[in-house]
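A quick write-up on the structure given underneath.
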Amino acid sequence: MSYCDSRFQTIRRRTVEVMVGGVGVGGGNPIRVQSMTTSDTQDVAATVKQSIALAEVGCEIVRITAPNVAAARCLKDIRRQFTAAGFGSVPLVADIHFLPSAAMEAVEHVEKVRVNPGNYADKKKFAVKEYTDADYDQELARLHESFSPLVKRSKELGRAMRIGTNHGSLSDRIMNRYGDTPLGMVESALEFLRIARSHDYHAIMLSMKSSNPKVMIQAYRLLVERMAREDMHYPLHLGVTEAGDGEDGRIKSAIGIGSLLLDGLGDTIRVSLTEDSVYEIPVARAIADKAMSLWKTPNAKVQTPNSSETDSIDPYHFSRRETSRLQLSAKCAVGPEQPPRVIVRVGAVANLTEAAKQLTAPRLKDTPAEGLLITLGSEADIAALQGTAAALDLGVEFLALELAPTLTPAALAGLLAASKGRLMLVRRFGAGETSLFKEFVALVRGHGHFLAAQIEPEQFAPYEDVLRLVGDPGLLFALPGLGDQAISAHATGAYRRLVEHLKTANSKAPIWIRNTAAAAVHGDNSFLSKLLEASFLTGGLLCDGVGDLVSIETEPDVTRATKLTYNVLQGAGARISKTEFVACPSCGRTLFDLQTTTQRIRAQTGHLKGVKIAIMGCIVNGPGEMADADFGYVGGAPGKINLYVGKNCVQYNIPQAEADARLVALIREHGKWADPEPHQLANA
Ligand code: SF4
């Protein structure tokens, strides 16, 4: 494994320590939590006030935009007043795009400077141009000249620097040679890193942000792999940019940041939300705490099939794991070309009627619970289910029955024979139960039902032969928890090991990701904790192409659990059930009120399933981040909005009061509008 020491447990990547003022990042330091002010930087009082508010809620590093030299000059007063208020130990970072002159001013006043290699000393033209090797070398020489003064001055003053690549703002040079790919992002950072190293300057950290968690995960992994080849160990700043707000923003951030932290990558994090920045800190703190709890796990040698550490998932490119097809009902299948299916835990048989009623309400038409999971603890439960199911038209595609170990195939035969709909038996098989496993396989196949087998990875080896013998039909696999914690320290690792075992057994059986309390990394019973856990496990696996069914069983409210499952699927890009919003968190460059605008646009367009709308405070990252958005709403000038279709600006400088209506008209014009249905109005 070239970018991390194990994909099955969290072994923290070894990095050098970089000091940002008095705060160490990387090395043996905890994961540092940071955020950014959103005020106009030249409004010194407002920026100091926001910086204090952030520091008071636990922000360890505060970033402030410096869009021009005048704003960069203000950093001097901001630093002085922030220190005078008692926050001298909290470092400040200047965020620079485009202007070396602003960077040269800012570096005098604050502990760290962030540069964007996509636009430092570059006016982005989105030019399509072929760069010959000579052209390219000439560009690099120009870059060396314009970036070196900042490097040298940072070294003299003992300042730190972040080379912060954004997927949305790669240079024309990089775009033309590599495209807007994870490789292009990595090469963009390496160009700057080489210049810094040529001056023997090493107080550097790097980031590879994107609004698409899959892209950012791949880019960070690739960056580490490239750095490791050259024996470079700079810390990483993690973030998903333009994640949006509310549940969706938290989920997207947790998928991207959490996946990498579980792999042992990441030293400082920022959760970008289109909300007041103080709300970012508790989310970032909870993510960091979960990840750091895994560092305590002893680095036991990982046991994998054939005793060698294999991982057949490609960490740098997305491809969905190939599976066989399971037809769960006339309308609902699992497998190739099928979206991950949603299962909701309803608990005891007695809850079934009420849960089915809630979940089949018209307002949930776009987010149906396809399977209901109930527990069968005894033969009395089987009898109760037969009575209930016969009396009900449940309105769901299938029932999953989690069996107590005491229930034998014989006890279940009557239920399976009589059932009109298809049933999925869910049973855990331990060491020495391979014969019983075969009996269950025969039972479900005899009646056209399914078996979800739960076998801990460390007990899987004897089942490989059985599986080769019986084949895939009617079978799927799930894991109830972590397995042996000394081997798979987190459920993601356990699922990855399950993938390896299935591969060894030549099985393409689908995989059901179960988010249970036993699979959780660490945390309390809050909704935020459950959301983050689900994003880490489900989102992370889906971004690696693993997972065909999903249940979030930690949330007892069935409607909320269903909604959360769909939101995680949407965050991972695995199943789209509503409009996708890409919204920047806002900063001192923002040209309109991002929060109210996002809410207003969501209220009008949130029912347009599959349409992607980007809402950006300014042009810095705008057009690039909107590369795969259908429509863009971007601050062009104070009070003026530019509207985009894809990457192209089609309407310039519209008065803001008219911009919503013009956006809707544009969506109509491009055939992507649909009037909301009554159930969608109820959800608005
Ligand atoms: S896109 Fe938003 S967060 Fe990024 S620089 Fe512009 S206003 Fe600031």
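The values are calculated or read from the model by the stated rules, or taken from the named source; none is laboratory data. Since we're looking at a predicted model, the values are computed, not measured. So basically every Cβ, Gly included, is an ideal-geometry build from the backbone, and we count neighbours across all protein chains shown.
May I ask you to verify whether Thr132 is free of Cβ contacts under 8 Å to residues at least 40 places away in the same chain and either touching a Phe, Trp or Tyr at 6+ places or on another chain (Cβ under 6 Å) or closer than 24 Å to Ala243 by Cβ (or both)? No. Residues that are touching a residue at least 40 places away in the same chain (Cβ under 8 Å), within 16 Å of the ligand (Cβ to nearest atom) and not basic (Lys, Arg) do occur in the stretch 67-80. Of note, Leu663 satisfies the criterion of being in a helix (DSSP H, G or I) and either away from the ligand (no atom under 16 Å from the Cβ) or modelled with pLDDT of 95 or more (or both). For the stretch 601-624, taking the residues that are assigned to a loop (DSSP other than H, G, I, E, B) and more than 16 Å from the ligand (Cβ to nearest atom), the one that is nearest to Glu658 (Cα to Cα) is identified as Gly606.
Looking only at residues of the stretch 427-474 that are part of a loop (DSSP other than H, G, I, E, B) and aromatic (Phe, Trp, Tyr), we find that the one that is nearest to Ala411 (Cα to Cα) is Phe429.
In the set Ser89, Ser51, Ser101, only one residue is assigned to a loop (DSSP other than H, G, I, E, B), at negative phi and either crowded, with 21+ Cβ neighbours inside 10 Å or away from the ligand (no atom under 16 Å from the Cβ) (or both); that residue is Ser89.
Within the stretch 583-595, the residues that satisfy the criterion of being near the ligand (Cβ under 9 Å from one of its atoms) and within 17 Å of Asp40 (Cβ to Cβ) are Cys584, Pro585, Ser586, Cys587, Gly588, Arg589, Thr590, Leu591, Leu594.
Restricting Asp267, Asp245 to residues that are in contact (Cβ under 8 Å) with a residue 24 or more places away in the chain, of a type in the set (Asp, Glu) and under 26 Å from Val107 (Cα atoms) narrows the list to Asp267. Screening the stretch 475-524 for residues that are at pLDDT 95 or above and part of a loop (DSSP other than H, G, I, E, B) and picking the one that is nearest to Ser551 (Cα to Cα) gives Pro510.
Of the candidates Gly606, Gly571, Gly547, Gly588, the single residue that is surrounded by 22 or more Cβ atoms within 10 Å (Cβ to Cβ), of a type outside the set (A, V, I, L, M, F, W, C), touching a residue at least 12 places away in the same chain (Cβ under 8 Å) and more than 29 Å from Ser324 (Cβ to Cβ) is Gly588.
For the stretch 342-372, a tally of residues being in contact with a strand residue (DSSP E or B) (Cβ under 8 Å, 6 or more places away or on another chain) and among the hydroxyl-bearing types (Ser, Thr, Tyr) returns 1. Considering only the stretch 522-531, I want to know if a residue exists there that is more than 18 Å from the chain's Cα centre (by Cα), more than 15 Å from Arg250 (Cα to Cα) and within 16 Å of the ligand (Cβ to nearest atom). Taking every residue of the stretch 522-531 in turn, none turns out to be more than 18 Å from the chain's Cα centre (by Cα), more than 15 Å from Arg250 (Cα to Cα) and within 16 Å of the ligand (Cβ to nearest atom).
When Thr598, Thr562, Thr579 are checked against the criterion of being polar (S, T, N, Q), touching a residue at least 40 places away in the same chain (Cβ under 8 Å) and either touching a Cys at 6+ places or on another chain (Cβ under 9 Å) or more than 16 Å from the ligand (Cβ to nearest atom) (or both), a single residue qualifies: Thr562. Once the stretch 104-119 is narrowed to residues that are within 16 Å of the ligand (Cβ to nearest atom) and under 17 Å from Lys155 (Cβ atoms), the residue that is farthest from the chain's Cα centre (by Cα) is Ala106. Residue count for the stretch 158-170, restricted to those that are in contact with a strand residue (DSSP E or B) (Cβ under 6 Å, 6 or more places away or on another chain) and in a helix (DSSP H, G or I): 1. Can you pull out every residue in the stretch 171-226 that is among the small types (Gly, Ala, Ser), in a helix (DSSP H, G or I) and over 17 Å from Glu242 (Cα atoms)? Gly184, Ser188, Ala189, Ala196, Ser198 - these are the residues of the stretch 171-226 that are among the small types (Gly, Ala, Ser), in a helix (DSSP H, G or I) and over 17 Å from Glu242 (Cα atoms).
Just checking, which of Ala160, Ala189, Ala203 is in the same structural domain as Gly24 (by TED's automatic domain parsing), in contact with an Asp or Glu (Cβ under 7 Å, 6 or more places away or on another chain), under 30 Å from Asp263 (Cα atoms) and touching a residue at least 60 places away in the same chain (Cβ under 8 Å)? Exactly one residue qualifies, and that residue is Ala160. Within the stretch 174-186, the set of residues being in contact with a helix residue (DSSP H, G or I) (Cβ under 7 Å, 6 or more places away or on another chain), without any contact (Cβ under 8 Å) to a residue 24 or more places away in the chain and surrounded by fewer than 20 Cβ atoms within 10 Å (Cβ to Cβ) comprises just one member, Tyr178.
Cβ-Cβ distances below 8 Å connect the following pairs, each with a first residue in the stretch 412-424 that is on the phi < 0 side of the Ramachandran plot, a second residue that is among the small types (Gly, Ala, Ser) and not in a loop (DSSP other than H, G, I, E, B), and a separation of six or more residues or different chains: Leu416/Gly446; Ser419/Ala389; Gly421/Ala389; Leu423/Ala400; Met424/Gly371; Met424/Ala400; Met424/Ala452. Can you pull out the residues in the stretch 529-544 that are in contact with a Leu (Cβ under 7 Å, 6 or more places away or on another chain) and either surrounded by fewer than 24 Cβ atoms within 10 Å (Cβ to Cβ) or over 16 Å from Pro315 (Cα atoms) (or both)? Hits for the stretch 529-544 are Leu531, Ala534.
Restricting attention to the stretch 206-243, the residues being within 16 Å of the ligand (Cβ to nearest atom) and more than 17 Å from Ser169 (Cβ to Cβ) number 0. Only one of the numbered conditions (1) within 11 Å of the ligand (Cβ to nearest atom); (2) more than 25 Å from Ser35 (Cα to Cα) is violated by Leu569, and that is (1).
A count restricted to the stretch 9-37 and to residues that are buried (at least 23 other Cβ atoms within 10 Å of the Cβ) and modelled with pLDDT under 95 stands at 2. Among the conditions (1) in contact (Cβ under 8 Å) with a residue 12 or more places away in the chain; (2) farther than 20 Å from Ser324 by Cα; (3) surrounded by fewer than 18 Cβ atoms within 10 Å (Cβ to Cβ), Asn506 misses just one, which is (2).
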